[in-house]
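Only one structure is covered here, and it is reproduced in the block below.
The values are calculated or read from the model by the stated rules, or taken from the named source; none is laboratory data. Because the structure is a prediction, the values reported are computed rather than measured. Heads up, the Cβs are rebuilt from the backbone with ideal geometry, glycines too, and the neighbour counts pull from every protein chain shown.
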Amino acid sequence: MVTPGSEDTWADVAAPSLRRLVQNRLNQRLSRQRKREKEEATGATRRSRGRPSKASATAASTVITPSVAAKVPAKSCLSDSPSNASYTLATPGVQDFGKLVLKLVENLSTVVLRRLSCGDPSSDLLLHLTTLNSLRAVTYIMGMLDLPANEMHDDSSISQFNSQDPVVVARRHLLPPSLQPTAAQVAVAHHPWIDVFPFPSFRDSLLRHEEELAADEGEHGDAVLCGDTLGLNPHRPAGLLVWGDPWQAEAWEVSEEFASKWRWILHGCHEIRASTNYWRARRGEPVLEEEW
């Protein structure tokens, strides 16, 4: 029997829209838990979802600092092929998103430092670097938003921008313009993961499609979208790449693969399209001509 835990109570949430949001997310969590229990009972293997789980019983790589990396034997370079890379895995007992992200960053750093110490110019090194940059950028923005890691992980969390607390409201104006909430972010109850992207039009698009994304358990659900943006798939780079200060929209671009898969979400997101084509042009690559 699946029942809500004490942390899932929402009776004290007054606003009807917030109550609906919390109840919907709680229902989704219980539904997923029932599916997992059914799959475990039948011996089925559940496909890994894009958003990190609370705990993964898999050992992670030993962290290598720059001083240690210089001493790594050359043969160690052979152990970090994309098929073997463990940077998407968590250590046993990791219970919150923040620790998981930290472990991801540590493992990515291990791979990158080892490759650099061996003078390995393999093309997949860029994959590790771009994913590392994206993870660091998102965690940096979480800090700017004063967004605790456990709130990012909790499906029932509600954005601080839905709060009318005077202190919280006053703090919004201290944020860079790219991260200040839109009218929709203030008016529509939503999960705080939407707040970490420095593109107002993209955040509004996520809000318009939030129920659709949350209901999809397949390749176009919110968990997969989250994983695609951060590059949690070890065989392809992050969908959102960053080349400068995380809070500056013009420092980001989307990968061509991400733009193709999530075009319906990116429709009308002119900031991302402009910055993407700027970085592609700098590299001498053709701009993405098709309108989003």
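Side notes on the structure shown:
- Of all the criteria given as (1) modelled with pLDDT under 85; (2) part of a helix (DSSP H, G or I), the one not satisfied by M142 is (1).
- S201 fulfils the conditions (1) buried (at least 20 other Cβ atoms within 10 Å of the Cβ); (2) in contact with a Cys (Cβ under 8 Å, 6 or more places away or on another chain); (3) more than 20 Å from M142 (Cβ to Cβ) except for a single criterion, (1).
- Residues (crowded, with 21+ Cβ neighbours inside 10 Å and either closer than 14 Å to S134 by Cβ or acidic (D, E) (or both)) located in the range 253-271: E253, V254, F258
- Within the option set G239, G218, being under 19 Å from E257 (Cβ atoms) and either modelled with pLDDT of 90 or more or touching a strand residue (DSSP E or B) at 6+ places or on another chain (Cβ under 7 Å) (or both) holds for one residue only, G239.
- Residue ranges of helices (runs of 4 or more DSSP H) in the range 186-292 with at least 1 members touching a helix residue (DSSP H, G or I) at 6+ places or on another chain (Cβ under 8 Å) and among the aromatic types (F, W, Y): 200-208, 256-261, 270-282
- Residues considered: E250, E211. Of these, the only one that is charged (D, E, K, R), surrounded by fewer than 18 Cβ atoms within 10 Å (Cβ to Cβ), closer than 27 Å to M144 by Cα and in contact with a Gly (Cβ under 9 Å, 6 or more places away or on another chain) is E250.
- For Q164, the test of being over 19 Å from S275 (Cβ atoms), polar (S, T, N, Q), in a helix (DSSP H, G or I) and modelled with pLDDT of 85 or more is failed.
- Within the option set G227, G244, G284, being surrounded by fewer than 21 Cβ atoms within 10 Å (Cβ to Cβ), at positive phi and not aliphatic (A, V, I, L, M) holds for one residue only, G284.
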